[in-house]
Structure formats: structure tokens, C-alpha cells
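Here's the structure we're looking at; comments come further down.
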Protein chains: 4
Amino acid sequence: MKAVRLHRYQERPVVQEISDPRATGPLDVVVRVGGAGLCRTDLHIVQGQWADKSNVALPYTLGHENAGWIHEVGAAVDHLRPGDAVILHPLATCGFCRACRAGDDVHCEASAFPGIDTDGGMADFIKTSARSVVRLAPGIQPADVAALADAGLTAYHAVKKAVPMLYPGSTCVVIGAGGLGHLGIQCLRAMSATRIIVLDPNEEALALTRGWGADETVKVNAGHVDRVLEMTDGKGAEVVLDFVGEKGAERDAWAMTRRAGSDFVIGYGGTVDIPTIDVISTERNVVGNLVGSYNDLVELMALNASGRVTMLTRTYPLAAVDDAVNDLEAGRLRGRGILIPDGA
Amino acid sequence: MKAVRLHRYQERPVVQEISDPRATGPLDVVVRVGGAGLCRTDLHIVQGQWADKSNVALPYTLGHENAGWIHEVGAAVDHLRPGDAVILHPLATCGFCRACRAGDDVHCEASAFPGIDTDGGMADFIKTSARSVVRLAPGIQPADVAALADAGLTAYHAVKKAVPMLYPGSTCVVIGAGGLGHLGIQCLRAMSATRIIVLDPNEEALALTRGWGADETVKVNAGHVDRVLEMTDGKGAEVVLDFVGEKGAERDAWAMTRRAGSDFVIGYGGTVDIPTIDVISTERNVVGNLVGSYNDLVELMALNASGRVTMLTRTYPLAAVDDAVNDLEAGRLRGRGILIPDGA
Amino acid sequence: MKAVRLHRYQERPVVQEISDPRATGPLDVVVRVGGAGLCRTDLHIVQGQWADKSNVALPYTLGHENAGWIHEVGAAVDHLRPGDAVILHPLATCGFCRACRAGDDVHCEASAFPGIDTDGGMADFIKTSARSVVRLAPGIQPADVAALADAGLTAYHAVKKAVPMLYPGSTCVVIGAGGLGHLGIQCLRAMSATRIIVLDPNEEALALTRGWGADETVKVNAGHVDRVLEMTDGKGAEVVLDFVGEKGAERDAWAMTRRAGSDFVIGYGGTVDIPTIDVISTERNVVGNLVGSYNDLVELMALNASGRVTMLTRTYPLAAVDDAVNDLEAGRLRGRGILIPDGA
Amino acid sequence: MKAVRLHRYQERPVVQEISDPRATGPLDVVVRVGGAGLCRTDLHIVQGQWADKSNVALPYTLGHENAGWIHEVGAAVDHLRPGDAVILHPLATCGFCRACRAGDDVHCEASAFPGIDTDGGMADFIKTSARSVVRLAPGIQPADVAALADAGLTAYHAVKKAVPMLYPGSTCVVIGAGGLGHLGIQCLRAMSATRIIVLDPNEEALALTRGWGADETVKVNAGHVDRVLEMTDGKGAEVVLDFVGEKGAERDAWAMTRRAGSDFVIGYGGTVDIPTIDVISTERNVVGNLVGSYNDLVELMALNASGRVTMLTRTYPLAAVDDAVNDLEAGRLRGRGILIPDGA
């Protein structure tokens, strides 16, 4: 089959022929790929930023946001049938540890992460576990939803954790109206009646957020934190969803979080740096957020199937991965780039 | 009446005669003091560290951990009677804001803090609000419980928030076996079956914690963090209760918190300083903790009345406040110093 | 002032002149009434069904769904000003008991219920407590929202308790598309992405529910329970909100509740009658629901101010209370009847 | 191997030789039985009361409370080793449905129940799923804990659900100090500081409960409900754990539940019969309880390993199952009867 292979860090991955994966283990599942999302993390991988964390052996196949159709299943799998349209949870988890048993499978003690530490989905086929497969509702096309598998799931998970704090009359500040942020806003609108204030430096992006459910927008510039405080009677928001997490956003997020409120860290790159006296005297929290569980993905797909959460995408043939990377690097890519194998 | 008055920062407070407070407002309550706790915060106040925060006008009366007997009540108070033995919630709250209405009165939008920003309880009498008064169970002496009003309440509140995460088989690390820590350990033991590991540099303090319910102890020295990781299969604890919050404890606390776990900041002085990638890649939380609510204090007093949580105290006559301060500063004070007015 | 007074059970109340209430207590508030809702409970009161429960001394003034403007406040009230537009929480609560302190003021141990056990709001003025007053957002007219004080609050409270169980992909069955049901549906839509199936015998009512957010409707007839089971793969709904509670609805509600789901009893009149083996073998719950808290009412008013929850009303002059009662009894009243004092 | 086989309803099961089970499926696990609990449900099965529910094909092997040692594992199982001491969760679950993925495996959509609908553990060996196996802590003997697998797990699960409502100062009423009740009391004591009031008709049983953590006991006779109301200021308990569920206990349970409290149905046989007006006017709940989840069992075993929850047992050789049944039927069995295969 064709696959996008990374041979050396700092060099562009190449499309080449490799052998098809097979469902050798009893819970293995091989999926014919319908679409694989291209993510900024893929650029970081190529640059070598993940080399020490993933310890993946090169060459390997990129692609951690995948959807397609069941192609072959292992001997112990009888709830899936070839041809079923599916989206893949990004992790292949063990199913036996406490976290897996508690519905918190992201913290599985023995998981693999296809596209990061094993072969991913920028290929004709991908092998994963039967535990990672979510069936799509009738009529949903894999290529249209592939990127929900990671970007969407991360945004949904954070929003789901935040919603219990977001009673009607509360305020939620969303920092970043980009890939994750635009999904987070849609999730917030679908699941709460909170007042949504979105911050972004890009006015065009801000304008779009109204259609996704934002109530108010604030352009990021010198005065944006004061502006938000002013909009909240000097108190800040019950929840700040920081989809940026660097370049000052991580400081702004805390500054815009009100007493007894929570600053949700979702994006990363910067550093949380807060005197403990500020933490305790206002009883604020810093909340970590990481992807989402299998059931979170099922729920997100229900939001998608009902039209409440959709994703802006642009498709490329798998063979044109270079063009997609170029567009992403050059900032020419509106929405998520999705690679489509031949014949999918 | 006699009262411990602070006239100038950096100078010792003095005991002098001032006029008795009166219940002039309809919800006012005047309490005859049975005991007032001396807290390290009182030393900080004298040093002037709180001057900018409290903006209190000097001179004023110290004492923010108070218990005694109802002496006089305002016109709108009919559920309290002179002579009732009571402990005082440290805040006098408005009762009308959302926080007060939600049982989260510590975040009241218009509260006073006797002993910090108005006259406190190191005196024969103290004026507070009817909303701040918790009746004691029969047989409980005010002087024995006064310090539960602040130190105990803070420990209880943090533990209560932590307990839902502390299932049987989990681990809770307690940093600091001192004033708050020893109460926190007792609260943990009363309300959970979690494994309690206590850290402290003082071996004598550690030895005492076994009697309060600690399962294991680790002396704070070069290797204590590694020791705790080793005791938890390299994973750390579901919850770390950091009663110190400075001098490295705030870093250790985070390092000993496991994936998806929570680092409870209770003590203060240091700085939380964590790369956002560490926050998100492990989905850990930093949880702020302030003193507890009115109902928290009622619950803590139930723990005390049933013998589950008790406090080590040493009493001084109110007039001997200087001796108490000397003992506290010199580290000669085992347990909490309690000032007792004449005739109480 | 003019007031609708009930002199004898089984006789129509009469509009007559009585003396104005005064804010004599320190927390008293007198409100100039802008609108008072007429509720089926008022008919039951007149029939004498509440005589034993309320023990109210006749004659007294009806009206337990009230909104208007602050007219006079007691000595201890400084957060409200004459002229403020307000809606009244139906209970006047003590503020001191555990329930009041926990934000669960409906279970106050010493509350009054104007319109039920003391003089209500079908009058030019009503006296209540400062604790019962919710300020309206600018532009909101008291007469438009008065009935949210009880009917709306009950529906909101039940929905708020149900929402944590109603993840995307779940189903919520609403029994009854009438006064409470139509508000419940709007609240559900505003705060969740659950699939809403509404049951009612009236097709016209069902047709309207689509505009409020219902996804599907089922006419109540011989086969409605089977129809709902079929729509839910034979499993039933995660939550059933039973706004009827009698005439078979209470049996249907349980039958349509899936394993591990919850049957919310909101309407009343019938009897819950379930073998304990059915309770345990499916681990289903029966959940009681009663009005809502003060903060619930604040939140509902935020939903109303943002246009998410509105109420269909028909106004009558206070003097025409008889016409309103006639219309309600005859089933001619679409939406809630609101009595408007002269000059309001 | 030897096994206790039921051939015909209404006839005693017999011990006979059958072939050993084999781990043929990839997730199969064969366990050498160390002990199998004899439960009143086994008597009901013999009487035929479960025939229609389980649809099990006769003959089959009884025993649904099992512990032992791993004997053989399927091809896909690499986290268990022959010789590991284990206790078995009573269900063998699918691992793929939403309930399994949410840590709520008892509501699995495709589970088997060895001892009820497939061959159980009153035998030398039992076959179950790798998903059902909980490893025992070092030093714990299978025969000592076998009955925790069902009776203990049910009690633990109910208590765990109740604990969040049982703040210090609250009251929990436990109806029934027998097999489940005595475990429930120990779990309550380990995980809460609530006041525990135990009801039972048997004074000897009541006396024992003090050692398990009960604070007060009430003999069930004509006046027990009034006595409990009196002990709770006329209000009743925040939670009632009804381990009986029949013969009037189900009515008493509701009557002793306070406003906004919850009546936990655990035992069964009777009928919940409550006017909806009583449900709503007091906002009480009826809470269903089934056996616990896999993680619940892990947690219970942690309570057991730390000595907080232990079980009174009496052992019989497997071949003496008839004696055990005789003793159970005759009421001569104090604690749980445990059948021990030869050589275990």
C-alpha cells in the first residue's frame, strides 16, 4: 500500500509503497483509511520535537487523526463488520487497567498512539485495536470527520469538564478561535447557555465565531485582559478555556479567571507561573486537559451527526501530502487539511 | 473591656481597656470570648505583611480564631440565645450574593474578616454577624475548639474537596505535619480509607502522625520525592495536600502528583511554576484552597464532637499574649496557643 | 390597596380593599406587583385541597407567582432600591439553617410561602423577604416573567438536575407539553444536546414543541410506551421528566426509563408502585423534584433574558380575576394567565 | 473435575465428575477455585425462581461468588499468570459497549453471569473472562474473600454511592444487620464519619454491629420507625440503606428518609408504593442498587486487605455442599458458607 513515511527528522516524509498491515492479534482491526488529518503536531514530529517522547523507530507512517472503513478484524472481534464506516480514537488502549475500566482510557497504563509511536493513518490502511473504533452514523463520510478524532476530541473533552461550572448567567472565555477553539465554541454552545467571550488576534476569525455560537468577541491586543475584566464587572470568567497556552495566553488566562474559577490549560508551549498566595487567596484552579476518552468521542460524533459541531476541512490526495504541508506551514490552510488515499 | 490592640506595625500589640462592642445592627451578635487562637498570620500582621491587603485602620484588635458564648443579639436574630456556646466562622458574610446563596460563603462579595480587617477576638467580647455563629454541641468548651475556626476549617475544607478522588486503594500525600497538617490527617482518616503518606522534616512530628491515622511517613530530605514515587510504583499520589506551599514543597507537591491527579495548594509563600506541556500531557490539576464555608465548620465541629478530630492546644491568659507570641516565635509552642480572657 | 381575597373554601375569591403591607421587619421587602400568575394550584386552594397543608387563616390574599418593583425595604436591606424591577422566589426563607446555607433553600426549616400560607401577590403590593428578591435584567417587564417564579422554576430545577446525565447521544423523554413541560423543553434545549422526545395527548401541543427544541414527538394513546421503546432500541431513555405524575403517566414514566436511568417525578396525583426487584435488577432511580432554589431562579432569569426560555401569557386586569379563573377552568386559557394591578 | 450440578429444579444439586473447562477463546481465563460462596440466591435457583430469568440450560454448575488461582489464560491475555491469586467479578462483560467503557460494567449490554446463566464456581475450575479477574494482595487467601465477590460488592457499591451525601453530622440508617448489612456497616465506617443507626429484629446481630462501626442500634418492633424519627429530631436520615426490601422494610425505609434524602433499595421482595405528591413535596429519591463494577471490587479488596472490611465465614468441603445447604436452610449458618474444592 501507499503510506506517508518519515525516514529522518528534519526531512520531509515521503509517499512510498509498504506492505499492508494484517489483523494478526485477536483484537486487531485493520481499517481502510477514508481520510487522515494533517495536524501541526505532524510538523513538530518532522522537526524532531517528539523524538525523545515517542521513541518511535524510523521510518514509520504519520497520521493520528483517522477515519475510514473496517477492512479486517481479529479472531476475538465480533461486533464489527468489514465495510462499517468508523472513526478511530487516537489511542489503542489495554482495556484492563483501572483507567481503562473507569472510562478514563486516555490514562491507560499500556497504550499505543498510532501516528506518534507506531504506524499511523496517512496510508491506504491502518492497524489499530477493536477498542479504538467508533462506528459512524449513517451518511457520515470518514473524510469529513477524521480530524474530530484528535482536535475535536480534545476540545470536546475540555468543554465537557467545564460545562458543570457554566450555569446560565456565567461567562466562559475562549482563548483562540483556531482549529481547536472553533470546535470548542460549538461544543460549548451545544451543551450550555453560558455567555461565550472569544479572544483572538485575528478579526476575521473572530467574526466567524459568531456563527458558531460566540456571544461576544475581543481582539487580542494590549488591552484585551482589561476589556474582559470590564465585561465581567471586574471579576473575570468562571472558566477560561486556553486553547493557546503560550506567548502570554497562559498568563492572560489566569488573569481572566475569577475567584473560585478554573483556568483550563489545553494549548501548550508556555509556563504556568503563579505565586501560591494567588492560588489560595482566590481559590482558583489550573485544570489540565488531554484528548478525551472513547465515550467522549462517541458523544462528539453524536454532536456532529446532529449538525451541532462541524469542521472546516480541505482535502488533498494522499500523494499530495507535500502540498498540504506547504500550505499548513505557509498559513494558507483554512480549516484542517485532510489526506485522502486513492480510491477512498 | 480588655483587648489586644495593634497600634503600629512592627511593634508588639498591647493589652488595653476599650469600650465593649454592642449589637447595634439587626443581625449583629456580640460574643463573650472563651478562647482566641494565636496564629502565625498574627505575626505576619504585626510585621505589616497584611497592611496593604486588609487596609485596616490602626489601632485595632487582633484574633481571627474565636469561640465563646452569645452575649447580645440584634433585633432580627431569634435563633440564638445569650449563653449559647458558639464557635465563629472567620468571615462575616452578606447572605445575599450568589456565593452566599450557593453555600460558598467564603467567596462572598461583601464580607468582613474580624481580626484581619475589623476588630477580632483577642478581647473580652467580639462583634460578628448572626450568619457566622455555629452552636457547639453540649459539653464542648469554646477554648478547646477556638483554633478549629480557621486552621481546622482550612484543613477540613481541602480534605472534603479531595475525598471524592480518594477511593480505597488510592494514595494521598500530606506535606507538613504541623498545625494544619495534623488536622488534615485526622479529617482524611475520618472520611476516607485512602493510604495516607505524610512528609515532614521533623521525625518527632512524623511519629505523632501515626496516632492521627497516617499509614506511612517519609522524612523530608534529599530523597523524599523519589521515595514517595517508589512507594507508589513510580506514579505518585492521586492527591497531594500541600500544607506548606513554599521552600520547595510546592515543587515536590507537583512532582508527587500522578497522572490525572490533583495538587492541592493550601500553604503559601512559594510559586507554582509548571510548563503547560506538563499540565496537559499528564492532565494534572492545581487546586486552590481557601478557608471553608459555614457548613464546613458545622461538619468539622461534628467530627470534633465525635472525637474524630481534636487539636493540641496550650492556653495563656489574655494578658499574657506577649508570652504566647514569644513562645510561637521561638518555636517553643507545641500545638496552638489559645488566649483566654479573665473569667472565661 | 386592592387584593384578591379568599374568604371561604369552595367560594370564589373576591377583589376588595385592604390595607397596604409595610416593611416592619429589618429584612422585609414590600414589592409593588407588576403581575401575578394564576396557577391551577390556586383552583385547588379555593376547592380547599390545601387547607390542611397550609393551615392558612382565612381570609387571605392569593398569588404565589409574582414580579414587580421594590416599593419599601426594611432597615437591614441595603442592596435593593425602590423602583428596582424584581421577580420573587416563591419562598421566604430563614437564611440560617443548613439547607439555606447550602443553596438548597427550598428545604429551609422555617420558610413561609406567600400566596399559600401567607398573603400573596394578587394585589397592588406584596410583602416578602429581602432573601426572596431577584433583580430583573434591564428591559425585562415583571408581567412577562411573573409565572417563571413557580412553574418555570420547577421545570428549570428538574432539568438542571437531569442535565449531568444527558450526554450527547442520550435521550430525554418529556411527558406533558403543557405549562411546565413547554418550559422544561426550552431549558433542556438551552443546556444540553440530548435528543428530546415529547409525549402529549394533544397534537397541537406536540406540534408547538418543535419550535421549543423537541427532536421528536409521540402522541399519547394506546401504543406510546412501545413507540418510545422502539425509538430507543428497546432500552428507554436515560431520563424521563414526568410533568404529569398521574393518570398512568407515572407508570409510563418508569416503563420508559432505561437501565441505570432516572424517572423524574415532577407532576403529581398518582402513585409510584414498583416491585423492589425491578428497582434493583435495573438499578433505576425515582427522583423527587420540588420548585428550585434562589440561585436556580437567577439562572432561569438569565435564560429568559437571553431569549432562550420564554413563556406564553395572557394578561387580565386584577379586577378581572373571575374571568381568568373562568377561562382557566374552561380550558380556554392558552399559556399562563397573569393578573395585572391597575397602574402596573 | 468435581462440580456441584443442578439437574432439575426443586431437586438438590449433586456433586459429580465433569470435564475441565479450557481457555479456548483469546480472553478466556480458567481459574482453579479456592472457595465458592453459598448464597440464598442459590436456594432460589434450586427452587426454580430464576428459571425464566436466566434461561440456563440444565444441568449446569452453581456458584457465583468465586475466588481462586489463575490456571490457564487465553491467547490474548498477557497481564495474568498461572498461580496468581484472584477473586472474580461476578459478571463476564463485553468491554465494548458504552457501559463497559464508562466503568459501569454491570450494565454491560452483552454479559454472562457464571453460576446464574453459565457454569459457576462450585467446582475445581471455573472459566470466566480476563476482564473479570481481580488480583489479590499478597497474603490474602481466596477462600477468605470469595463471598465478597457478590454480597460484599453489592454492599460496597451502595455505600460508595451514598457516601457523597453523608457529611459529618448526617445520619445513615441501615436496615438489616445480616450478610450484606454487616459488610455495608464496615464500608460506611471506613469511608465516612456519618452517624450510623442500624435496625434489625435480632438483638444479638445488633450487638455485633457496634464492633463494625455502628453508632446506635434500634430493634425492629412496633415502634422502630418512630424511634428513628425521634433520634433525628423528627426529620429522618439523609440516607437509608435498605438491605431487606420486603416485609415492611421497604415502607419503613421511605418513612425514615428525610426531606431531600435518598432511600437506597438493595434488598428486594416487596413493593415501593408511594404517592407522587409525597415524592415531590419532600423531594426524596428512591435509588436502585445492583452489584458493583470491576473497579468497585478492586476498591473493596483494598478495604479488605487493610483490615477495614472482613467477612464472617464457615467452610465446607465441596463434597459437603448438602450439609452447607442444610445449615443455610435451617438458619444454623452464622456468616457465609464457603465451599472448598479438594486440594485448594
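Taken as Cα centroids, segment D:211-266 and segment A:308-342 sit 64 Å apart, rounded to the nearest whole angstrom. Entry note, segment C:87-176: relative contact order of 29 percent, from Cα contacts under 8 Å with a spacing of 6+ residues. Where a Cα-Cα gap under 16 Å defines reach, which lysines qualify for A:K219, not counting those fewer than 8 residues away within the same chain? Of all the lysines, those that pass the test against A:K219 - Cα under 16 Å, at least 8 places apart if same chain - are A:K247.
Provide the percentage of antiparallel DSSP beta bridges, counting only those with both residues in the protein assembly as shown; round to the nearest 5. Roughly 55 percent of the beta bridges in the protein assembly as shown run antiparallel, per DSSP.
What number comes out for the charge environment of D:I277, summing +1 per Lys or Arg and -1 per Asp or Glu over other residues with Cβ under 15 Å away?
-3
A straight Cα-to-Cα reach below 25 Å connects A:K2 with the lysines A:K127, residues fewer than 8 places away in its own chain not being considered. Interface burial in segment C:293-311 reaches 40 Å² or more for C:N295, C:E299, C:R308, comparing the full protein assembly with the chain by itself; accessible area from heavy atoms with a 1.4 Å probe. In whole angstrom, segment B:153-288 maps to an equivalent ellipsoid with semi-axes of 20, 16, 15, each derived as √(5λ) from the alpha carbon gyration tensor and ordered largest first. Annotation: per residue accessible area for segment C:178-298 equals 34 Å², rounded to a whole number [probe 1.4 Å, protein chains only]. Between A:R81 and C:A51, the modelled labels are 6.8 nm apart [label points 7 Å from Cα along Cα→Cβ]. Buried on complex formation within segment B:93-114 (loss of at least 30 square angstrom of accessible surface versus the isolated chain, 1.4 Å probe, ligands and nucleic acids ignored): B:F96, B:R98, B:R101, B:H107, B:E109. Sorted from nearest, the other copies put their A:A207 label points 4.1, 7.5, 8.6 nm away, the label point being 7 Å from Cα in the direction of Cβ. Rounded is the label for the protein assembly as shown. Its Cα gyration tensor axes, ordered a ≥ b ≥ c, give a/c under 1.5. Taking Lys and Arg as +1 and Asp and Glu as -1, the other residues whose beta-carbon sits under 12 Å from that of D:L303 total +2.
Each copy carries a label point for B:G335 at 7 Å from Cα toward Cβ; from one copy, the others' points are 4.1, 6.9, 7.1 nm away, ordered from shortest. Once each part is reduced to its C-alpha centroid, what is the distance from segment D:26-82 to segment B:116-135 in angstrom? Cα centroid to Cα centroid, the span is 64 Å.
Between D:H44 and C:D322, how high is the FRET efficiency from 1/(1 + (r/R0)^6) when r is the Cβ-Cβ distance and R₀ = 56 Å? Nearest 0.05. Can you show the working numbers first?
Working: r = 63 Å, r/R0 = 1.13.
Here the calculated transfer efficiency is 0.35.
Taking segment D:238-281, which GluC sites (Glu not before Pro) meet the DSSP loop condition and have no more than 16 other C-beta atoms within 10 Å? Counting only loop positions with at most 16 other Cβ atoms within 10 Å, the GluC sites (Glu not before Pro) in segment D:238-281 are D:E246. Chain A residue nearest the rotation axis toward B, with distance: A:V286, 2 (Cβ to axis, whole Å).
Taking the Cα centre of the protein assembly as shown as reference, the dipole from Cβ charges on Lys and Arg (+1) and Asp and Glu (-1) amounts to some 0 debye. When the Cα gyration tensor is reduced to axis lengths a ≥ b ≥ c, the ratio a/c is 1.5 or higher for chain B, and with a/b above b/c it is classed as prolate. Computed over protein heavy atoms with a 1.4 Å probe, the accessible surface of segment B:5-162 works out to 37 Å² per residue. The mean sequence separation of alpha-carbon pairs under 8 Å and at least six residues apart, normalised by the residue count of chain C, gives a relative contact order of 18 percent.
D:L27 exposes around 40 Å² of accessible area when a 1.4 Å probe is run over every protein chain in place. Surface calculation, 1.4 Å probe, protein heavy atoms: C:R336 sits at approximately 40 Å² accessible.
So, with a 1.4 angstrom probe, what is the percent of accessible area on the protein assembly as shown that is carbon and sulfur? The nonpolar share, carbon plus sulfur, comes to 49 percent.
So for segment D:153-288, averaging the separation of alpha carbon pairs under 8 Å that are six or more residues apart and normalising by length, what relative contact order in percent results? Numbers along the way, then the final one.
Values: 274 pairs, mean separation 28.7, N = 136.
Result for segment D:153-288 is 21 percent.
Its DSSP H runs of at least 4 residues, each contributing -39,500 (n - 2.57), put the calculated 222 nm mean residue ellipticity of the protein assembly as shown at -7500 deg cm²/dmol, to the nearest 500. Each other copy places its own label point for C:L312 at 4.0, 6.4, 7.1 nm from this one, sorted shortest first, where the point lies 7 Å along the Cα-to-beta carbon line.
For segment A:145-171, a reduction of at least 20 Å² in accessible area between the chain on its own and the assembled protein chains (probe 1.4 Å) is found at A:Y167, A:P168. Once you sort the root eigenvalues of the Cα gyration tensor of segment C:1-116 as a ≥ b ≥ c, which label holds: rounded (a/c under 1.5), prolate (a/b larger than b/c) or oblate (the other case)? Since a/c reaches 1.5 but b/c is at least a/b, the shape of segment C:1-116 is classed as oblate.
For the listed residue pairs B:K161/B:K235; B:K235/C:K161; B:K161/C:K235, the alpha carbons are over 24 angstrom apart in B:K235/C:K161; B:K161/C:K235.
In sequence order, segment D:16-31 has phi-based couplings of 8, 8, 9, 6, 5, x, 10, 7, 7, x, x, 9, 5, 9, 9, 10 Hz under the Karplus curve 6.51 cos²θ - 1.76 cosθ + 1.60, θ = phi - 60°, and Gly or Pro positions carry x.
Principal-axis analysis of the Cα atoms of chain B puts helix B:151-162 at an angle of about 40° to the longest axis. Summed over both chains, the accessible area lost when B and A associate is about 3100 Å², using a 1.4 Å probe.
Taking 51 Å as R0, compute the FRET efficiency from the Cβ-Cβ separation of B:N202 and C:E204 and round it to 0.05. Mind showing how you got there, number by number?
Working: r = 76 Å, r/R0 = 1.50.
The formula returns an efficiency of 0.10 here.
The values are calculated or read from the model by the stated rules, or taken from the named source; none is laboratory data. Bear in mind that the values here come from a model prediction, so they are computed numbers and not experimental data. Here Cβ is always computed from backbone atoms with ideal geometry, including for glycine, and neighbour counts include all displayed protein chains. Keep in mind that these areas ignore ligands, DNA and RNA; they rest on the heavy atoms of the full protein, side chains included. Shrake-Rupley method; radii C 1.70, N 1.55, O 1.52, S 1.80 Å.
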